[in-house]
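Reviewing the structure listed below.
The values are calculated or read from the model by the stated rules, or taken from the named source; none is laboratory data. All values derive from a computational prediction rather than experimental measurement. With ideal geometry, Cβ positions are generated from the backbone for all residues, glycine too; neighbour counts draw on all protein chains shown. When the accessible area is computed, the model is the full protein with side chains, heavy atoms only, and any ligands, DNA or RNA have been set aside. Shrake-Rupley method; radii C 1.70, N 1.55, O 1.52, S 1.80 Å.
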Amino acid sequence: QVQLVESGGGLVQAGGSLRLSCAASGRIFSINTMGWYRQAPTKQRELVAAITSGARTNYADSVKGRFTISRDNAKNTVYLQMNSLKPEDTAVYYCNVNIRWTDYWGQGTQVTVSS
């Protein structure tokens, strides 16, 4: 079993910053891609950012230049630094980890950006 524990969500004013963390534990052999998704009310879940085991990154167009994804392989942890937040970034953010071609999801953390 693999457990993902997310932290760092909250309420912030537009223009502010938040940093999300997601730590994986359990039967971990080798983590492939780690990423963050988000889901706003009435919308589908969408990819925000992902990072491969080789540190290649991929971002949604809407967050490029504002968000930065990183990972600490020694701690099995992925981070999402979110700057210049906008009200449209409001959503539940989910951590996703791919281990041996199996996807695992965190419980979600709420990010609310007020205007």
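Points worth noting:
- Share, in percent, of DSSP beta bridges within the chain that are antiparallel, nearest 5: 90 percent
- Farthest toward the positive end of the dipole of the range 64-115, out of V113, P87, A74, is the Cα of A74, where the dipole comes from beta carbon charges about the Cα centre.
- Gain upon complete extension [S7, S84; 0.36 nm per residue less C-alpha separation]: 25.8 nm
- Neighbour-limited loop hits for trypsin sites (Lys or Arg not before Pro), the range 5-43 (at most 14 other Cβ within 10 Å; DSSP other than H, G, I, E, B): R27, K43
- Along the chain, longest interval not containing exposed chymotrypsin sites (Phe, Trp or Tyr not before Pro), exposed being DSSP loop plus at most 14 other Cβ atoms within 10 Å: 30-100
- Solvent-accessible area per residue in the chain equals 55 Å², computed with a 1.4 angstrom probe and all protein chains kept.
- Full-extension gain in nm, S17 to W105, via 0.36 nm per residue minus C-alpha separation: 29.3 nm
- Under the Karplus curve 6.51 cos²θ - 1.76 cosθ + 1.60, θ = phi - 60°, whole-Hz ³J(HN,Hα) for the range 59-65, x wherever Gly or Pro sits: 10, 5, 4, 5, 10, 4, x
- Solvent-accessible area assigned to carbon and sulfur over the chain amounts to 46 percent, based on a 1.4 Å probe.
- What you get for the chain, charging only the Cβ of Lys and Arg (+1) and of Asp and Glu (-1), is a dipole of about 180 debye around the Cα centre.
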